[in-house]
Each structure stands twice: as structure tokens, then as C-alpha cells.
Amino acid sequence: MRKKKVILLLICLVAIFRCWALNTGVQQLPGQALIAKLQRCSPQVILATGKPAASGVSVVQKWNNGTCIMSVSNNSGESLSIREIILFDFQHELPGNTGIYGEGFQKLAQVGGTLEKPQDLGTYTDRNHYKIPEPENMRTAYGMLTLQLPHDRVLLATTSCNRFISRFSFDGKRIRISLDCENLVLQAGETWNLEDFMAISGPDREKLYDALTAAITKHHPRLKHEPVPMGWCSWYCFGPQVTAKNVADNTEWIASHLPQLKYIQIDDGYQPWMGDWMDKGKAFGGDVESVLKEIKQKGLEPAIWVAPFVASPESQLFKNHPDWFVKDENGLPLRSDKIGFGGWRLGPWYVLDGTHPQVQNFLTELFRRMREEWGCSYFKLDANYWGAIHGGVHYDKKATRIEAYRRGMEAILKGAGDAFVLGCNHPIWPSLGLIHGSRSSMDTWRKWESFRDIGRENLLRGWQNGRLWWNDPDCILLTDGGANDIMDQAGNQVNAQKKETGPTENEYLFHATTVYASGGMLLSGDDLTKITPERLNILKKLIPPTGKAARFENEKFEVGTIVLPDHLAFAVFNWGEQPVERHIKLPKGTYQLVNKWTDQELGNFKNEYIIRSLPRHSALLIEARKID
């Protein structure tokens, strides 16, 4: 009896302790505890001098569950130049090996690894390649940052990007979240609405992203364009040396054999200089317009590459309108290579100022003419990063570089009408609500290392597909040989005498599986007049795109699930150098499994399907249909 009383007493004490712990926050999950710590931070307004603002300048934060609306007011009696607003700055007290994922400012940059040892996932980083300054030299993500705790996750993000870019700076001990205010003047008595913020946690990676994208679309409704685009791109087989015959031959083949690839996209090389998009260059004998019209006559849709925000110094656009460009501190047009990367071809580039009314009119008229006179119904906008270039002076002195970019994009959309608009090399967060499609990776090359790295970049951004826009995983490459096997990213010939061994069959199927798992756009980058029947069969199996990205438990990307109207699909990957075992967890019921690439029937299974030995550098795409 006495023993029972002791046990009951212990149970009561445990219950009392748990209640106390919950009320005091001691027993919060690590993610909840970190968010509670963040919410206790006091924002700081930092002046252009680097000093904190004195009394009279205040940031108001209104929290509602996991979201926060913020504003800053100046009641100091004097106008102040604001460098940045530090929203949250605290010691995170997380293990240094805590996994992370953060977006880059522009699409060629992503950050992974851990808090203590971050890893660049993209090739061209914000800090080194584009030389965007990072607060206190801390590694920085833009727009969002996730923390991968052992049994919990934390997602931190701004859910709008109307005026200010958010910066998530971190190291092994500290997290510092700020808005770049670019030394704009906050007048006495003035209030700025800041970007909305979200801090949420939970064990399910995909549900956190669902919540984030739902919050973003309240501020930046998705630009919809149905169905998921399919087409062909000239760059990966012909580069800037593409000829009218190259395009005509592939157009004829597609019209006869695979008309679902309806957008025929002419890439970089048709123009004489960056900026002179309507002028006659050497390509196609100086007659790109006729090539586009021939595409239309074959029942397909003309698509074209444009870099709308940049101009070569030799261009007529730059010579005739130097006042249209972003200025340096001396009032001269800003050469982009003076503060960052100057451009990959026909540079160094100068940058059109999206806040200038005449630039807005120019962009609207340019795209109106390309849409109506040239018949282009698809625009691949490249080099968009430059439209949001840092370190410049704008026509509108009250505008940030984010506003300059967004105003320019709004002018482009006005002229493009009902055409599909793809963002490429674009600033990710500033592009929210302004593009139909988003390139989600670096350019693809015909070798395993590219298929692996580009595949990971695309899957890391799979959460954006169909929620913010259609992701463009870049072209599907299924044939050996092509322009980019002997070219660098600027289109220059390199290693022309060197012939490397191309990808294996397994590596090509791995690449095809990552494209399928992205759920996004499908553009062939091969000379289709030379494709073999076996590789053509793979291409046909990718048609049409599902529109739904595979959902994964974590960033290892081993087994992804795609829920389709009448069946499931599982994308199963081996990224490593040795064969591995993989387990597919099946929902309740019995499922008939088929290898999509080979059409091999694998049998009927319940609960689980085990792949005993998945070869190195390979992937399987398995369809599962419920039969009871």
C-alpha cells in the first residue's frame, strides 16, 4: 500500500513539473525555444554612420502566432539615413553541426552545410562572385533560412519583398536577421512598413514550406500560366553560334515527331550587342524575325532569350541613353564590374534603372513589339540579377534596388501581355509574384558532376514549384555531345581538342529522374535530329510534366514521393559511389509497382518495397497503382 502511495506521489510530481515546464518554456521543443528567444530580441535601427539610432526611432512588431508585421517610425525630429534594421540578433545555443538551408540573393547561390561549416551549393556565390557585402562578414542567406534540428525544424523567412531584402546572417554561435535599407532617408515623422516575417517550427519539412508559400502568396499572388511549359532550347546544342538551319531542322523534327514541345526558344546570340534586342545581328544572316515566323508557321510557338536590364558599352541603347542607367557615386553610369561581376558576354555591362519612367516605357514597348510583331509567346529573361544591383544610385532617390527591379519587371509584364515569362539568373525573393517560371539551378552540362550538383540544386527548390511559380530545372540532356561540352559559360571555346567520356546510361537516367521529380518545366537541350530511339523513348516518358514536385523527408533526397491523380510515383536516388539499399514506404493497401523507365513490372507489394542494391550514380522512377 505504501509503495502504491509513493508511486502515485511520483506521478503527481512529474505531472506538476511538466505543467510548470510548459508554462515556463523549459520543456519547449528546441525549435520552439529558439523562436521564443528570437521574439524576445529588441530591434536596432543602424544609421549610415554605423551607429545605432538615438531615441525617437522605433520598430513596432506585432506577432500573431508565427507571423510578425513590422514598421519603423522616426519621431526624433530630424531626417535620418538608415543603413539597416537589425530585427533579431541572438546567441542561438544550437550545436555547431546543426544543418541549414538558405536561399541566395540570386538563383546561382544557395547555402547548405551547417551553422559552423556552411557550404556553398551554387557555383557563383553572392559574396564572392557578385560581391554583395555581408553584415559583419557573417555567412548570409537571403529571404529565408531553415535549421534542421534532430527531431524538429525551424523555418525563418520574410513573407514579402516589396522594398527591402532580408538577410539571415549566422555562424556557430549567433543568428543575425536584418533588412538592408541602403542608406535611404527616413524623414522626420515618417513611417516605413517593413517586410512581414515568419518564424515557425515542426518536424515535417514539406508542411513548413506549405505554410511559407501560403503566406508569401498573400503578399505576392502567383502569376499562373497553364499548363506546365514544354519546349526546346538552342543553347545546349549550338550555343551562340546557332544558325537558322539549326533551328529550322529541329523545328521541323519537333513539328513532325513531338509537337508537345511547342515552345522553340532562340537563346543568346541573335543580337549584335546586349541591349540592342530589335537590331540585326550576324546570327541567322541578320534576320531572327523570319526564323521566329517560320516557327509559328509550323504550328509551334516562338520563344526568345532576352537580358532586359543590361547593355553593352558598344550598344546603341547605351550610347543614345546614358541617362537611363544606374549611376555611380560620381553621377556616371555604373560599370557593373566595378562593384561585382561585369557580365559573361559582350560586357562590361551597364544596368538600366527600373525607377526611371523612360526606362519603364522602353521595356514595355520592347516586349510589346517582341510579342506582337515577332510573335514571341515565351520570354526567357536572363541576367535579371543586374536589375537589382547593389551599390548604385537610382533616378528615384527614395527607391531601393528591390523597388527598381520590381518596377522594371512590372513594365516588362505590361508589354509581354499573355506571354510566359521565365526568370533566369534572377534575384529570388525580389522576383516573387513577377514571373511565371523560375530557373532553379545553374546551367546543366553533359557530365555526372553536373547532373549530381544541378539535380540537388533543383530538388532543394522543389518546394517552390507550383506554389510560387513553375520551376525550370534547366534542359533535359539525353544525347552525347553539344555546344556546352566545349564552351565555358560565356560561350567561348575551351578544350576543343579534349574529348571526355560522356555520362553513363545510369547517369542519364539519374538526370532524367531529377527533372521528373522537380515537377517543373520540360525543355529539351539536344539536337533532336540526332537523338536515338532509346533516348527519345526516355524523353517521351517525361511528357507531360506532372506539375508536382517530389516531397522528401529531408535534404538527403533519397526517396521522393509524388502524389498524382490516379497513382503515386517514387523517385529513388543514389548520389554516392557505392551501391545502396533503399526502402519505399507504401500507404495502406496493395500496390502494383512498375519501373517507369523500362516498363518492367516489379510485382504487387504492401507496406514497403525494398531495393536491395541501387547502383552508384543511378536513380529509379517507380509508379505505384493501388489495386485493392
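So here's what we get for this one:
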quantity	calculated
Test result for Leu292, part of a loop (DSSP other than H, G, I, E, B) and surrounded by 15 or more Cβ atoms within 10 Å (Cβ to Cβ)	no
Elements of type helices (runs of 4 or more DSSP H) contained in the range 196-289, each with 1 or more residues being closer than 24 Å to Ile543 by Cβ, in the same structural domain as Ala383 (by TED's automatic domain parsing) and more than 24 Å from the chain's Cα centre (by Cα)	235-238, 244-257
Close pairs from the range 116-140: first at pLDDT below 95, partner of a type in the set (Phe, Trp, Tyr) and crowded, with 16+ Cβ neighbours inside 10 Å, Cβ under 6 Å, at least 6 apart	none
Selection status of Leu334, in contact (Cβ under 8 Å) with a residue 24 or more places away in the chain, within 30 Å of Ala244 (Cβ to Cβ) and of a type outside the set (Val, Ile, Thr)	no
Candidate set from the range 387-399 (those that are more than 17 Å from the chain's Cα centre (by Cα) and among the aliphatic types (A, V, I, L, M)); member that is surrounded by the fewest Cβ atoms within 10 Å (Cβ to Cβ)	Val393
Of all residues in the range 573-583 being touching a residue at least 40 places away in the same chain (Cβ under 8 Å) and under 19 Å from Thr561 (Cβ atoms), the one that is surrounded by the most Cβ atoms within 10 Å (Cβ to Cβ)	Phe573
Hey, Glu365 part of a helix (DSSP H, G or I), over 25 Å from the mean Cα position of the chain (by Cα), touching a residue at least 40 places away in the same chain (Cβ under 8 Å) and surrounded by fewer than 18 Cβ atoms within 10 Å (Cβ to Cβ) or not	yes
Checklist (1) part of a strand (DSSP E or B); (2) under 27 Å from Tyr101 (Cα atoms); (3) touching a Phe, Trp or Tyr at 6+ places or on another chain (Cβ under 6 Å); (4) of a type outside the set (Phe, Trp, Tyr) applied to Glu581, failing item	(3)
Index of the failed condition, Trp445 passing every other in (1) touching a Pro at 6+ places or on another chain (Cβ under 6 Å); (2) farther than 27 Å from Phe367 by Cβ; (3) not aliphatic (A, V, I, L, M)	(1)
Any chance Leu509 is assigned by TED's automatic domain parsing to the domain that holds Arg456, closer than 26 Å to Pro229 by Cα and in contact with an Asp or Glu (Cβ under 8 Å, 6 or more places away or on another chain)	no
Residues satisfying the stated conditions in the range 517-555, i.e. under 17 Å from the mean Cα position of the chain (by Cα) and in a helix (DSSP H, G or I)	Ala517, Ser518
Residue count, the range 613-628 (criterion: in contact with a Ser or Thr (Cβ under 8 Å, 6 or more places away or on another chain) and basic (Lys, Arg))	1
Residue among Asp276, Asp353 that alone is of a type outside the set (Ser, Thr, Tyr), free of Cβ contacts under 8 Å to residues at least 60 places away in the same chain and crowded, with 24+ Cβ neighbours inside 10 Å	Asp353
Positions within the range 79-98 being under 20 Å from His151 (Cβ atoms) and either crowded, with 18+ Cβ neighbours inside 10 Å or among the aromatic types (Phe, Trp, Tyr) (or both), in sequence order	His92, Leu94, Thr98
Given (1) more than 18 Å from Leu564 (Cβ to Cβ); (2) out of contact with any strand residue (DSSP E or B) (no Cβ under 8 Å at 6 or more places or on another chain); (3) assigned to a strand (DSSP E or B), index of the condition Ile610 fails	(2)
Checklist (1) in contact (Cβ under 8 Å) with a residue 40 or more places away in the chain; (2) more than 30 Å from Leu34 (Cα to Cα); (3) not aromatic (Phe, Trp, Tyr) applied to Gln271, failing item	(1)
Filter pass, Phe168 being touching a strand residue (DSSP E or B) at 6+ places or on another chain (Cβ under 6 Å) and in a loop (DSSP other than H, G, I, E, B)	no
Enumeration of residues in the range 585-607 that are surrounded by 15 or more Cβ atoms within 10 Å (Cβ to Cβ) and either within 24 Å of Thr514 (Cα to Cα) or under 35 Å from the mean Cα position of the chain (by Cα) (or both)	Leu586, Tyr591, Gln592, Leu593, Val594, Lys596, Trp597, Leu602
Failed condition for Glu449, given (1) part of a helix (DSSP H, G or I); (2) modelled with pLDDT under 95	(2)
The range 48-59 - residue that is closer than 19 Å to Phe88 by Cβ and surrounded by 13 or more Cβ atoms within 10 Å (Cβ to Cβ) and, of those, nearest to the chain's Cα centre (by Cα)	Val59
Identity of the residue in the range 28-47, among the hydrophobic types (A, V, I, L, M, F, W, C) and under 22 Å from Asp204 (Cβ atoms), that ends up surrounded by the most Cβ atoms within 10 Å (Cβ to Cβ)	Leu34
Residue in the range 400-417 that is outside the structural domain of Glu84 (by TED's automatic domain parsing), assigned to a loop (DSSP other than H, G, I, E, B) and buried (at least 21 other Cβ atoms within 10 Å of the Cβ) present	yes
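The values are calculated or read from the model by the stated rules, or taken from the named source; none is laboratory data. Predicted model only: the values in this text are computed from it and were never measured. Using ideal geometry, Cβ is built from the backbone for each residue, glycine included, and neighbour counts are taken over all protein chains shown.
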